[in-house]
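Student: I'd like to ask some things about the structure below.
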Amino acid sequence: MPRAKTKSAVPNGGRKKAAAAKGSKAKAGSDTIAVTMDTFELAADEASISTAPPIAQDQPSQPLMLPDCLDSAAAITIKEMLLSQRGNAIAVDASQVRRVGVQSLQVLVAAARSWQRDGLSYRLENPSSEFLETIALVGLPHQELLLEGHQ
């Protein structure tokens with residue numbers, strides 16, 4: 001005997017909304033990082049981070065060394081390292097970088113903008129040739145990263 005079709009209490013639009021909600025839940029639970037230019041700034045504003053007292057606003061302490069591989073997993077680590085220095089002058093050393101991903105570049109650009117807006121010294125120094133090649137390939141101007149000594 002064929003089953004009788006029952007009408008759902010939710011109109012057709014409800015199925016679309018449920019599917020969209022299900023898709024957004026799947027994205028939210030994934031291990032990927034979605035970094036935008038403002039993500040770093042928003043996270044710094046929302047997070048309660050205890051930073052060391054500023055050393056000197058114009059003189060960075062020991063340079064922050066970037067890892068050799070700046071892939072999407074490194075973007076999270078870099079963001080955390082930078083946030084721990086928020087409120088202090090900072091120098092970021094890119095001499096060890098051999099591979100560069102766009103998400104890590106986005107974190108570095110957002111940091112440069114945040115430090116600039118805070119009126120603190122931020123500079124990216126000693127970029128490796130691979131780092132320079134990558135930013136040239138993606139068309140990122142050196143001034144976006146506050147890259148020291150390169151035009």
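Values quoted throughout were computed directly from the atomic coordinates according to the rules given, and no laboratory measurement underlies them. What you are looking at is a predicted structure, and each value in this text was computed from that prediction instead of being measured. No Cβ is skipped: glycine too gets one built from the backbone with ideal geometry, and neighbour counts run over all protein chains shown.
Student: Long-range amide H contacts for TYR122: which residues qualify at under 5 Å (H placed 1.01 Å from N, peptide plane, sequence gap of 5 or more or a different chain)?
Tutor: Amide H neighbours of TYR122: ILE90.
Student: Apply the Karplus parameterisation 6.51 cos²θ - 1.76 cosθ + 1.60, with θ equal to phi minus 60°, to every residue of the stretch 63-76 and state each ³J(HN,Hα) to the nearest whole Hz, in sequence, with x for glycine and proline.
Tutor: x, 7, 7, 7, x, 6, 10, 9, 8, 5, 5, 5, 4, 5
Student: Starting from the Cα of LEU137, step 7 Å along the direction of its Cβ; do the same at MET65; then give the gap between the two resulting points in nm.
Tutor: 2.5
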